[in-house]
Amino acid sequence: MYKTKHFVQKCTDLQNISVPLPRFLNNRNAFELFLHLIIYMGLLQEKLARYDLPQKYKAEGIYPYFREIQGKQGTEVVMEGHRVLMFGSNAYTGLTGDERVIEAGIKAMRQYGSGCAGSRFLNGTLDLHVQLEKELAEFVGKDEALCFPTGFTVNSGVLAVLTDHHDYIICDDRDHASIVDGTRASFSTRLKYKHNDMEDLEKQLQKCPEGAVKLIVVDGVFSMEGDLAKLPEIVALKHKYPGTAIMVDEAHGLGVFGRQGRGVCDHFGLTDEVDLIMGTFSKSLASIGGFIAADSTIINYLRHNTRTYIFSASDTPAATAAAREALHIIQNEPERIQALWDVTNYALKRFRDAGFEIGDTESPIIPLYVRDMDKTFLVTKLAFEAGVFINPVIPPACAPQDTLVRVALMATHTREQVDRAVDALTRVFKQLEII
Ligand SMILES: Cc1ncc(COP(=O)(O)O)c(C=O)c1O
């Protein structure tokens with residue numbers, strides 16, 4: 001032990017007197033990690049030590065993740081002591097700091113306590129959960145709904161058990177990671193088609209035997225690209241290939257599309273054609289949690305078989321009540337969704353006019369394509385320094401050639417804030433010769 005300490009001290013001294021070291025070791029944290037690893041390394045650590053991308057980006061000063069926010073998530077936030085415009089949030093309705101939502105959470109916490117200490121299946125069902133499930137089912141136009149602790153556990157749990165080894169799950173290749181994980185846990189055969197390519201989807205359907213269930217799963221709004229699933233075409237294929245069912249993830253559709261924000265299925269008038277609708281509370285509903293809605297037969301099965309529902313504690317009283325309050329506000333304040341669309345259309349036009357490549361987005365999610373991973377991180381850093389927080393999107397969230405920074409609008413953003421963001425981003429993109 002003495003020897004080890006002595007060795008560490010020696011190496012640290014070496015670093016202090018600036019003996020030339022590999023560049024990445026000039027960073028003190030990386031240097032200490034390196035020392036720790038060579039001294040204590042087991043096989044597992046040795047393998048994982050080869051994963052050093054974060055250290056590389058930290059050493060270059062462009063690591064963009066886990067920034068600490070001090071305070072509520074409004075359109076402007078204080079992040080690491082720096083006041084920035086928040087264009088990296090999914091709070092489309094702008095309700096996360098709304099006093100009514102906060103009060104509903106506090107009231108529920110006082111009434112029901114801080115947690116449920118158990119699964120919905122056993123001791124974790126509150127009347128509050130049941131009320132919210134009824135309201136959500138009615139809102140999205142289905143018989144029943146089930147609430148889960150997060151949206152991720154809805155997709156990963158439901159898809160794992162919904163179909164069996166005779167069946168097929170067919171996904172768009174840009175579907176969310178939680179859908180991918182759900183299909184990985186399923187016994188069904190997994191197929192995928194090129195993003196929004198209906199010919200390719202049909203080819204996949206043709207591979208499936210007639211008697212099998214063919215479940216098509218799509219994001220209603222694609223979370224990184226901001227474009228919509230081609231639901232009318234998908235429904236037409238459902239009719240052409242008997243045994244096909246459809247599940248739509250409305251994570252980014254709720255509170256944004258459809259009557260009173262009922263989502264993309266409602267927007268297309270196709271709610272009855274879609275078999276399962278999934279949603280999350282972590283975006284427009286200003287809380288944390290998720291739900292699945294479907295007819296009673298499907299819900300009865302899922303209620304008793306979904307492992308992430310049965311073997312995980314129920315969503316907290318505060319989170320449930322906050323989501324319920326946000327749902328009420330969305331339905332009672334149509335002007336909120338109108339404001340979101342006004343500022344979204346304004347931003348779309350401004351980014352297009354400024355020469356950004358923004359793809360096929362039709363939503364408050366605006367991808368600004370960079371198409372280079374290092375530059376994507378650099379844009380994020382320079383934008384932050386210029387007072388704009390945006391999210392870098394790199395693989396596996398997109399294809400390697402499609403890296404981008406993602407701008408997301410909220411109903412509470414002003415045109416003046418959009419102007420500031422567009423101007424700052426234009427300067428950064430020009431400086432890096434992206435536009
Ligand atoms: C399309 C999509 N589905 C599911 C989820 C998971 O939702 P949650 O954040 O509630 O776990 C997300 C969240 O990023 C998402 O974007």
For the range 293-369, I need the span (max minus min coordinate) of the C-alpha atoms along each principal axis, in Å, sorted largest to smallest. 52, 30, 24
Which log10 I(q)/I(0) values does the range 28-159 give at q = 0.17, 0.18 Å⁻¹ under the Debye formula, counting every alpha carbon as one identical point scatterer? -1.08, -1.11
Please sort 419-426, 205-212, 264-271 by packing, taking for each peptide the average over its residues of neighbouring beta carbons within 10 angstrom, highest first. 264-271, 419-426, 205-212
Please list, or write none, the lysines whose alpha carbon is within less than 21 Å of the alpha carbon of Lys430, excluding same-chain residues fewer than 8 places away. Lys349, Lys375, Lys381
Counting alpha carbon pairs within less than 8 Å and at least 6 residues apart, what relative contact order, in whole percent, applies to the chain? 20 percent
Which entries of Lys207/Lys230; Lys47/Lys203; Lys142/Lys230 show an alpha-carbon separation above 32 angstrom in the structure shown? Lys47/Lys203
Three-way shape call for the range 179-251 based on the alpha-carbon gyration tensor, with the a/c threshold at 1.5: oblate
GNM on the chain, Cα springs under 10 Å; top mean-square fluctuation among Thr414, Thr280, Thr403 goes to Thr414
So what's the gap between the Cα centers of the range 231-307 and the range 349-420, to the nearest angstrom? 27 Å
Yeah, the range 99-332 with a ≥ b ≥ c from its alpha-carbon gyration tensor (a/c under 1.5 is rounded, else prolate when a/b outruns b/c, oblate otherwise) is prolate
Report D for the range 337-435 in µm² per second (integer): Stokes-Einstein, Kirkwood Rh on Cα pairs, 25 °C, 0.890 mPa s. 183 µm²/s
So how do 43-49, 314-320, 327-333 stack up, highest first, on mean other-Cβ count within 10 Å? 314-320, 327-333, 43-49
What fraction of the Cα pairs in the range 212-284, stated in percent, has a spacing above 20 angstrom? 24 percent
Over the range 99-332, calculate the relative contact order: mean separation of alpha carbon pairs under 8 Å at least 6 apart, over the residue count, as a percent. 31 percent
Fewest-first ranking of Arg100, Arg262, using other Cβ atoms within 10 Å as the exposure measure: Arg100, Arg262
Charges at C-beta only: +1 for Lys and Arg, -1 for Asp and Glu. How large is the resulting dipole of the chain about its Cα centre, in Debye rounded to 20? 1580 debye
Rounded to the nearest 10 degrees, the helix 296-305 long axis (Cα) sits at an angle to the longest Cα principal axis of the chain of 40 degrees
Would you mind putting 84-91, 233-240, 158-165 in packing order, based on average other-beta-carbon counts within 10 Å, highest first? 84-91, 158-165, 233-240
Rank the residues Phe121, Phe187, Phe351 as a footprinting-exposure proxy: fewest other Cβ atoms within 10 Å of their Cβ go first. Phe187, Phe121, Phe351
Magnitude of the Cβ-charge dipole (Lys and Arg +1, Asp and Glu -1) of the range 294-367 about the Cα centre, nearest 20 debye, reported as 240 debye
Check the straight Cα-Cα distances from Lys72 and name the aspartates and glutamates below 13 Å, setting aside those fewer than 8 residues away within the same chain. Asp98, Glu99
Give the order of Ser114, Ser156 when sorted by the count of other beta carbons within 10 angstrom, beginning with the fewest. Ser114, Ser156
Roughly how compact is the range 94-155, stated as its Cα Rg over 2.2 N^0.38 Å to two decimals? 1.24
Farthest towards the positive end of the dipole of the chain, among His328, Phe268, Ile179 and with Cβ unit charges of +1 on Lys and Arg and -1 on Asp and Glu, lies the Cα of Ile179
With axes computed from alpha carbons, what is the tilt in degrees of helix 317-332 against the longest principal axis of the chain, rounded to the nearest 10 within 0 to 90? 60 degrees
Would you compute, from DSSP H runs of 4+ residues alone, the mean residue ellipticity of the chain at 222 nm, taking -39500 (n - 2.57) per run and dividing by the full residue count, rounded to the nearest 500? -13500 deg cm²/dmol
First select every other residue whose beta carbon is under 13 angstrom from the beta carbon of Asn345; then total the charges, Lys and Arg +1, Asp and Glu -1. +1
Using every alpha carbon pair in the chain, what percent of pairs falls into each 20 Å bin from 0 up to the bin containing the largest distance? 23, 51, 24, 2
To test your reading of the geometry: what angle, between 0 and 90 degrees and rounded to tens, separates the Cα axis of helix 198-207 from the longest principal axis of the chain? 70 degrees
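Any read-out appearing in this document is the output of simple, stated calculations on the displayed coordinates, not a laboratory observation. Everything numeric in this text was worked out from a predicted model, so none of it was measured. All Cβ positions, even for glycine, are placed from backbone atoms using ideal geometry, and neighbour counts span all protein chains on display.
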